[in-house]
Amino acid sequence: MVDNIQNASSLPHHVAVIMDGNGRWARERGEDRVFGHAHGVESVRAMVRAARELGVEYLTLYAFSTENWSRPQAEINALMELLVESLAGEVEDLVSKGVRLRSTGAIGSLPEACRKALQDVEDKTAGCKSLTLILALSYSGPLGVDRSRPKNRPFWNSSGVHR
């Protein structure tokens, strides 16, 4: 992906991705939805790697909306467990690569284990400078989108390009 970019100076400073389709991807392969969510972690790693290589300053991943709370409880539990496990498993790599983690959304609505894991990784990566990875969790509508952007950056520049 990175090799195909001709002019890195025209890239946005902030890229946002709505994480969607992992359950459908798994179902198409005869697996359960949780299998797809677990494989979504690989996509996150690839996006973080590409964003760093391209010099993107902020990468927001819209990972779990307030609408997702209506999923079956077993799936929600698996997603929350996956969040905690992924954070614990990735923290050393984030620090070594200079990736700062931030979170946005109704974080207080997440289970305590998720909140603690997020806070732990945010604390450990606080001094990292190569990329800020923002996880949008339990977010809703335009307010959630607005809260994820860095306060010193507008949504759109005069050319209509998200910068």
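The values are calculated or read from the model by the stated rules, or taken from the named source; none is laboratory data. In this text, all values refer to a predicted model and were calculated from it rather than measured experimentally. Quick reminder, even Gly has a Cβ in these numbers, built from the backbone with ideal geometry, and neighbours come from all protein chains shown.
Annotations for the structure displayed:
- The residue list Leu79, Leu94 contains one member that is touching a His at 6+ places or on another chain (Cβ under 8 Å) and assigned to a helix (DSSP H, G or I), which is Leu79.
- Residue within the stretch 57-65 that is in a strand (DSSP E or B), at pLDDT below 95, over 16 Å from Thr132 (Cα atoms) and of a type outside the set (Val, Ile, Thr) present: yes
- Among residues of the stretch 12-31 being part of a loop (DSSP other than H, G, I, E, B) and surrounded by fewer than 15 Cβ atoms within 10 Å (Cβ to Cβ), the one that is modelled with the lowest pLDDT is Gly21.
- Residue count, the stretch 54-75 (criterion: closer than 18 Å to Asp93 by Cα and loosely packed, with under 15 Cβ neighbours inside 10 Å): 1
- Test: Gly36 is on the phi > 0 side of the Ramachandran plot and out of contact with any Cys (no Cβ under 6 Å at 6 or more places or on another chain): no
- Residues of the stretch 55-83 classified as within 13 Å of Ser138 (Cα to Cα), of a type in the set (A, V, I, L, M, F, W, C) and touching a residue at least 40 places away in the same chain (Cβ under 8 Å), total: 6
- The listed residue being surrounded by 14 or more Cβ atoms within 10 Å (Cβ to Cβ) and within 13 Å of His37 (Cβ to Cβ), out of Glu90, Glu81: Glu81
- Where a residue in the stretch 113-137 is touching a residue at least 60 places away in the same chain (Cβ under 8 Å) and more than 27 Å from Ala78 (Cβ to Cβ) and its partner, wherever it lies, is assigned to a helix (DSSP H, G or I) and charged (D, E, K, R), with Cβ under 8 Å and at least six apart: Ser130/Arg52; Leu131/Arg52
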